[in-house]
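Here the structure comes first, spelled out in structure tokens, and everything after it is commentary.
The values are calculated or read from the model by the stated rules, or taken from the named source; none is laboratory data. Please read all numbers here as calculations on a predicted model, not as lab measurements. Every residue, glycine among them, receives a Cβ derived from its backbone with ideal geometry; neighbour counts consider all protein chains shown.
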Amino acid sequence: MKAKILDHLQQADTPVSGERLSKRLGVSRVAVWKHMRQLQEVGYLIETTPKGYRLVQAPDAPFPWVMGDRGSLVHYHLELPSTMDAAMTLARKGCLAFTTVVAERQTKGRGRLQRRWQSTPGGLYFTMVLRPRIALAEAPLINLAAAVDLADTLHDLYAVDVQLKWPNDLLVEGRKLSGILSQMAAEPDRIDFINLGIGINVHNDTRGVKPPAVAVAALTDRSVSRARILEGFWERLALRLAGDRLAGVVDQWKPRAVTLGRMVTVQTLTDKVSGRALGVAPDGALVVETETGQHVNVLYGDCFHGE
Ligand code: BTN
């Protein structure tokens with residue numbers, strides 16, 4: 001209904017009365033009024049004049065009603081502790097694949113290895129529930145795929161060129177643009193779900209953030225829309241998972257990688273591996289040559305670049 005109301009307001013040159021809207025849309029005037037109030041509450045600037053409603057300004061947010069057919073899968077919140085927890089609850093209850101929890105702000109946003117993820121307004125913070133029909137061994141490739149698809153989306157929309165740090169950080173000149181955190185539930189022979197949590201600096205202020213960060217809006221003159229970023233990413237990932245396109249993802253990831261050839265330290269939850277990053281194995285593992293010449297394949301972890 002909100003999409004229809006907004007459509008009418010956007011197309012009208014003059015204010016639209018509640019009565020006209022209620023007739024056109026087949027709902028009561030009270031219902032129209034309630035929707036208007038809800039829209040105003042989430043940031044729409046809608047003027048109420050004696051002649052009716054006039055849309056002055058629409059906020060840039062991935063509201064369900066601006067996400068077209070995908071809208072029914074979007075759970076939008078002004079504030080959450082973390083979209084990861086809300087998505088976990090939905091996933092465990094059996095929600096549909098691509099159900100996406102979005103929050104304007106997170107009070108306990110988290111990154112990999114239990115770090116905090118600063119989630120101030122203006123960024124895009126979401127967790128997408130995936131139910132890919134892939135082998136368990138292929139699961140780490142989803143992280144690389146998400147990084148590639150997000151990088152391509154940002155390039156297409158805003159001509160922003162990112163570098164990828166293994167496994168899935170998006171950087172611009174060494175500054176962090178986006179981070180991805182995934183959680184999986186699986187049985188030995190089947191993945192139940194992979195929750196992909198993505199934080200993207202879009203309009204938010206990244207000054208003083210450690211390690212250094214940068215926002216999409218600071219890298220382009222074009223007007224940046226969080227809804228378009230989410231849509232673009234969603235479309236790419238859905239296409240990839242519908243076809244059998246995880247196979248080629250390592251080759252798509254490599255040309256953008258800043259990790260390969262560098263000295264790295266990879267911190268896993270239990271261990272640390274240091275050495276030169278030689279490459280990425282077909283399963284997405286980072287191949288590290290240690291001081292002793294041993295080749296170690298690391299599947300999960302956080303990577304710190306040396307020289
Ligand atoms: C990292 O680079 O360490 C991963 C950061 C992931 C942040 C996102 S924001 C949306 C989702 N909710 C969270 O609490 N974390 C992820």
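Which residues, counting only those in the range 232-252, are in contact with a strand residue (DSSP E or B) (Cβ under 6 Å, 6 or more places away or on another chain) and not aliphatic (A, V, I, L, M)? Even if it seems obvious, please write down each step before you answer.
Taking the range 232-252 as the starting set, the residues that turn out to be in contact with a strand residue (DSSP E or B) (Cβ under 6 Å, 6 or more places away or on another chain) are 250.
Selection gives nothing.
Being on the phi < 0 side of the Ramachandran plot and modelled with pLDDT of 95 or more is a description that applies to Leu157.
Of the residues Val101, Val162, which is free of Cβ contacts under 8 Å to residues at least 60 places away in the same chain, out of contact with any Lys or Arg (no Cβ under 6 Å at 6 or more places or on another chain) and under 24 Å from Val224 (Cα atoms)?
On the way: Val162 fails: free of Cβ contacts under 8 Å to residues at least 60 places away in the same chain.
When all the criteria are applied, what remains is Val101.
Exactly one residue among Leu219, Leu237 is more than 16 Å from the ligand (Cβ to nearest atom) and buried (at least 16 other Cβ atoms within 10 Å of the Cβ), and that residue is Leu219.
Taken over the range 77-101, the residue count meeting the criterion of being closer than 16 Å to Pro64 by Cα, surrounded by fewer than 21 Cβ atoms within 10 Å (Cβ to Cβ) and within 13 Å of the ligand (Cβ to nearest atom) is 2.
Here is a yes/no grid of residues against (1) within 29 Å of Gly279 (Cα to Cα); (2) within 16 Å of the ligand (Cβ to nearest atom); (3) surrounded by 14 or more Cβ atoms within 10 Å (Cβ to Cβ):
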residue	(1), (2), (3)
Arg105	no, yes, yes
Leu130	yes, yes, yes
Ala135	yes, no, no
Gly174	yes, yes, no
Ile180	yes, yes, yes
Gly199	yes, yes, yes
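Ala137 passes every criterion in (1) at pLDDT below 95; (2) part of a loop (DSSP other than H, G, I, E, B); (3) farther than 22 Å from Ala87 by Cα; (4) aliphatic (A, V, I, L, M) apart from (2). Out of the residues in the range 107-128 meeting the condition of being farther than 18 Å from Pro64 by Cβ and within 14 Å of the chain's Cα centre (by Cα), tell me which one is farthest from the ligand (Cβ to nearest atom). Out of the qualifying residues, it is Gly122.
Just to verify a result, which residue in the range 41-65, among those that are more than 12 Å from Ile5 (Cβ to Cβ) and part of a helix (DSSP H, G or I), is modelled with the highest pLDDT? By that ranking, first place goes to Pro64.
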